[in-house]
Amino acid sequence: MKMNKVNEKVQAVIEEIDFSGTVLVKRNDEVIQQFSNGYANRSYAVLNKEYTRFGIASGCKIFTAVAICQLVEKGQLSFESKLSDVLDTAFPHFDPDITIHHLLTHTAGIPDYFDEEVMDDFEQLWVNYPMYLMRNGHDFLPLFQHEPMKLGVGERFHYNNAGYILLGLVVEKISSMRFEEYIVESIFNKAGMGQSGYFAMDALPENTALGYIDNEDGSSRSNIYSVPAKGGADGGAFITVKDMAHFWKSLFDFELLSEQVTKQLLKPYIHTDEDYDRFYGYGVWIDIHDSIITKYHVMGYDPGVSFHSAYYPESNEMTVVCSNKSEGAFDVFKAIENL
């Protein structure tokens with residue numbers, strides 16, 4: 001295990017859960033903690049390192065949201081633009097009043113291709129729609145395009161991957177670029193995220209961790225048959241912990257969006273949890289305590305992937321926890337947060 005200034009309590013959690021991944025904690029640009037544990041490739045005993053690229057599942061929805069906000073800032077789109085006016089694709093049962101704002105805040109009421117309120121086995125999706133065919137946003141449309149609305153528009157928060165698939169298609173339509181090309185050019189390159197990208201599972205670049213799923217008998221397997229062949233607007237980007245820290249800094253230095261539009265991205269629009277003062281902005285979760293925003297955070301879970309990252313405005317601290325196992329990132333993240 002490679003460690004740098006690791007607190008004993010955090011180390012105890014790492015050992016207890018057999019954490020596999022890499023962690024970076026920075027405050028005012030100073031590295032507070034940085035360490036790696038486990039293997040990026042178990043077959044060849046390749047260790048996770050600080051420069052290892054990890055899948056982050058839904059953690060990259062914030063990139064999609066920033067892309068939409070950039071198009072709004074350029075005057076090419078509005079948060080109140082209706083989906084039916086932007087895309088030519090037919091959605092026979094969708095409410096025509098669905099707006100970009102509704103999609104960004106998970107309040108559109110549309111059906112999801114993986115509804116987390118009623119489904120718990122992501123791998124079952126690929127029985128009828130093989131994962132190796134899922135390589136862009138259009139490939140996902142048959143999974144939800146002709147389904148009825150689940151809720152009324154704006155009725156309530158319903159976490160929805162399909163909504164972000166649609167936002168990715170909006171980015172492609174407005175920019176005339178492939179979604180991943182737009183994100184790399186307009187976000188990753190601007191933020192100095194030189195190692196990040198949307199990589200195909202059957203063509204991963206060097207220094208990329210394979211995701212691992214633990215079996216009930218104690219063995220494990222990779223996630224190559226458990227997730228889409230290539231990630232997109234709703235999830236599946238690969239980043240390094242350093243690149244994610246670059247993203248947070250670039251976002252709050254207003255290098256990706258103007259200060260005004262950044263505030264719109266980070267506004268707590270929807271109360272998402274009755275038990276906590278947790279809200280959702282555009283692609284980002286927001287925690288509030290005593291009327292003060294204490295944390296902006298993103299997270300992602302797929303088979304063989306767990307990810308948590310946060311920016312704390314009061315202390316100018318950021319935490320990035322990437323894991324190439326289905327669980328573990330949250331435990332380490334909370335251990336660091338509770339120090």
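No lab work stands behind these numbers, since they all come straight from the coordinates. Computed from a predicted structure; not experimentally measured. Cβ placement follows ideal geometry from the backbone for every residue including glycine, while neighbour counts extend to all protein chains displayed.
Close Cβ contacts (under 7 Å, 6 or more residues apart or on different chains) running from residues in the range 113-139 that are under 26 Å from residue 180 (Cβ atoms) and touching a residue at least 60 places away in the same chain (Cβ under 8 Å) to residues that are small (Gly, Ala, Ser) and part of a helix (DSSP H, G or I) comprise 137/168. Of all residues in the range 211-226, those that are without any contact (Cβ under 8 Å) to a residue 60 or more places away in the chain have Cβ atoms under 6 Å from Cβ atoms of residues that are crowded, with 16+ Cβ neighbours inside 10 Å and part of a strand (DSSP E or B), 6 or more apart or on another chain, in 221/213.
Residues in the range 24-58 that are touching a Phe, Trp or Tyr at 6+ places or on another chain (Cβ under 6 Å), within 26 Å of residue 161 (Cβ to Cβ) and of a type outside the set (Gly, Ala, Ser): 53, 56.
Taking the residues in the range 302-317 that are among the aromatic types (Phe, Trp, Tyr) and farther than 18 Å from residue 161 by Cβ as candidates, determine which candidate is surrounded by the fewest Cβ atoms within 10 Å (Cβ to Cβ). Looking at the filtered set, the residue picked out is 312. Remark: pairs (first residue in the range 152-170, in contact (Cβ under 8 Å) with a residue 24 or more places away in the chain; second residue surrounded by fewer than 17 Cβ atoms within 10 Å (Cβ to Cβ) and polar (S, T, N, Q); Cβ separation under 9 Å; 6+ apart in sequence or on different chains) = 166/89; 169/89.
Go through 111, 96, 148 for me and flag whichever is touching a helix residue (DSSP H, G or I) at 6+ places or on another chain (Cβ under 8 Å) and surrounded by fewer than 14 Cβ atoms within 10 Å (Cβ to Cβ). I'd like the intermediate steps shown before the answer.
On the way: 111 fails: surrounded by fewer than 14 Cβ atoms within 10 Å (Cβ to Cβ); 148 fails: touching a helix residue (DSSP H, G or I) at 6+ places or on another chain (Cβ under 8 Å).
Exactly one residue qualifies, and that residue is 96.
Residues in the range 277-297 that are in contact with a helix residue (DSSP H, G or I) (Cβ under 9 Å, 6 or more places away or on another chain) and part of a loop (DSSP other than H, G, I, E, B): 281, 282, 283, 284. Within the range 298-306, one or more residues are assigned to a strand (DSSP E or B), closer than 14 Å to residue 22 by Cα and touching a helix residue (DSSP H, G or I) at 6+ places or on another chain (Cβ under 9 Å).
Residues in the range 210-233 that are under 22 Å from residue 189 (Cβ atoms) and surrounded by 21 or more Cβ atoms within 10 Å (Cβ to Cβ): 231, 232, 233. Residues of the range 119-145 that are of a type in the set (D, E, K, R), surrounded by fewer than 16 Cβ atoms within 10 Å (Cβ to Cβ) and in a helix (DSSP H, G or I): 123 alone. Restricting the range 187-207 to residues that are more than 17 Å from the chain's Cα centre (by Cα) and of a type in the set (S, T, N, Q) leaves a set whose member that is surrounded by the most Cβ atoms within 10 Å (Cβ to Cβ) is 207.
Given the options 183, 110, 165, 187, name the one that is among the aliphatic types (A, V, I, L, M) and within 19 Å of residue 226 (Cα to Cα). Going through 183, 110, 165, 187 in turn, the sole match is 165.
Considering the range 265-280, and only residues there that are under 16 Å from the mean Cα position of the chain (by Cα) and touching a residue at least 40 places away in the same chain (Cβ under 8 Å), the residue that is nearest to residue 123 (Cα to Cα) turns out to be 280. Annotation: of all residues in the range 270-292 being of a type in the set (Ser, Thr, Tyr) and surrounded by fewer than 16 Cβ atoms within 10 Å (Cβ to Cβ), the one that is nearest to residue 153 (Cα to Cα) is 276.
Okay, residues lined up against (1) in contact with a helix residue (DSSP H, G or I) (Cβ under 7 Å, 6 or more places away or on another chain); (2) within 20 Å of residue 76 (Cβ to Cβ):
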| position | (1), (2) |
| --- | --- |
| 169 | yes, yes |
| 175 | yes, yes |
| 185 | no, yes |
| 189 | no, yes |
| 238 | no, no |
| 242 | no, no |
| 245 | no, no |
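Listed by position, the helices (runs of 4 or more DSSP H) enclosed by the range 176-276 that each have at least 2 residues that are of a type in the set (Phe, Trp, Tyr) are 179-183, 241-252.
Does residue 250 qualify as being closer than 20 Å to residue 182 by Cβ and small (Gly, Ala, Ser)? So residue 250 fits the description; yes.
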